[in-house]
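S.K.: Before anything else, here's the structure in question.
Just so you know, all these numbers are worked out from the coordinates, no wet-lab data involved. Please read all numbers here as calculations on a predicted model, not as lab measurements. Neighbour counts are summed over all protein chains in view; Cβ atoms, including those assigned to glycine, are modelled from backbone coordinates with ideal geometry.
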Amino acid sequence: MSASAIVLLGPPASGKGTQGRLLAKEKMLSYFSTGKQLRQEVKVGSLLGKEAEPYLVTGHYVPDELALALATAWIRKVKGGWVLDGFPRTLPQAEELDQALGVDSDCLRALLMEGPVAELERRVTDRRECTGCPWTGTKVQAEAFGGACPSCGGRLGQRDDDDLENFRQRLKVFEELTLPVAEYYEQSGRLLRIWGVGTPAEVFKRVKSELA
Ligand SMILES: [Zn+2]
């Protein structure tokens, strides 16, 4: 069986987003980042964004109902397989997702990206994103492009929540709330652990061999 319902788990800056997009491209799956979507909603000042903002700025997860509504609305629209980044992040969310998928939940695979904290901290301060498209890169790359996105021309900058204090808070929340999700998938034989240190291409090789 080749999994076509994939969820990505990992601490902040573990490379989930990058691997998720590579995987989606390779296997022709749809990709959705709940975190990126929420930050976008905050930026445009939507109702959802206003509700989510206080949680995001303090490094907390948005309430389960909000995350669930966002993710399930997206899944319903998608045709074919998918990769979800940033959902489920809590045990209730994982259980709700299984409920929503029914028998298809057997085919779900969860990838847990792992890496040392010092490496994650280095990445957080180095990470740059495009405001207009999914492009993600490093400070050096962003400077090489003169701060303009190579794929859409948008502005490249740091994510608002990418500072060390916010990172440490998000890491704490990840350990408390999301590691139980990994255990939940491990107990049902659906968890794949990926060592996330190395270049995106090196890590992606491990992802592909785990999923093969
Ligand atoms: Zn762009």
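S.K.: Rounded to two decimal places and with Rh computed the Kirkwood way over Cα pairs, what is Rg over Rh for the chain?
M.R.: 0.94
S.K.: Another question, then. Long-range amide H contacts for residue 128: which residues qualify at under 5 Å (H placed 1.01 Å from N, peptide plane, sequence gap of 5 or more or a different chain)?
M.R.: Here 137, 138, 139 satisfy the definition.
S.K.: While we're on this one: Among the aspartates and glutamates, which have Cα under 17 Å from the Cα of residue 43 when same-chain residues fewer than 8 positions away are ignored?
M.R.: Candidates past the 8-residue exclusion: 51, 53, 129, 160, 161, 162.
S.K.: Starting from the amide H of residue 9, placed 1.01 Å from N in the peptide plane, find each other amide H under 5 Å away whose residue is 5 or more places distant or on another chain.
M.R.: 111, 112, 113
S.K.: What is the fewest-to-most order of 136, 34, 131, 199 by other Cβ atoms lying within 10 Å of their Cβ?
M.R.: With the sparsest Cβ surroundings first, the list reads 199, 131, 136, 34.
S.K.: Something else about it: When the expected Rg is taken as 2.2 N^0.38 Å, what fraction or multiple of it is the alpha-carbon Rg of segment 22-113?
M.R.: Against the empirical 2.2 N^0.38 Å value, I get 1.11 for segment 22-113.
S.K.: Applying the Karplus parametrisation 6.51 cos²θ - 1.76 cosθ + 1.60 with θ = phi - 60° to the phi angles of segment 31-41, what ³J(HN,Hα) value in whole Hz is obtained for each residue in order, glycine and proline being reported as x?
M.R.: Karplus values, whole Hz, x for Gly and Pro: 10, 9, 10, 5, x, 5, 4, 5, 5, 5, 4.
S.K.: Gap in Å between the Cα centre of segment 142-183 and the Cα centre of segment 44-114?
M.R.: 17
S.K.: ³J(HN,Hα) across segment 8-15 via Karplus (A = 6.51, B = -1.76, C = 1.60, θ = phi - 60°), whole Hz, x for Gly/Pro?
M.R.: Each residue of segment 8-15 in turn: 9, 10, x, x, x, 6, 7, x Hz.
S.K.: Across segment 180-197, in residue order, what do the Karplus-derived ³J(HN,Hα) couplings come to in whole Hz, using 6.51 cos²θ - 1.76 cosθ + 1.60 with θ = phi - 60° and x for Gly and Pro?
M.R.: Whole-Hz 3J(HN,Hα) from phi for segment 180-197: x, 5, 4, 4, 4, 6, 5, 4, 9, x, 10, 9, 10, 9, 10, 6, x, 8.
S.K.: Can I ask one more? Which Cys in the chain stand alone, with every other cysteine's Cβ at 4.7 Å or more from theirs?
M.R.: Here 107 come out as lacking a disulfide-compatible partner, given the Cβ-Cβ threshold of under 4.7 Å.
S.K.: Then there is this: Quick check: from the Cα gyration tensor, does segment 149-198 come out rounded (a/c under 1.5), prolate or oblate?
M.R.: oblate
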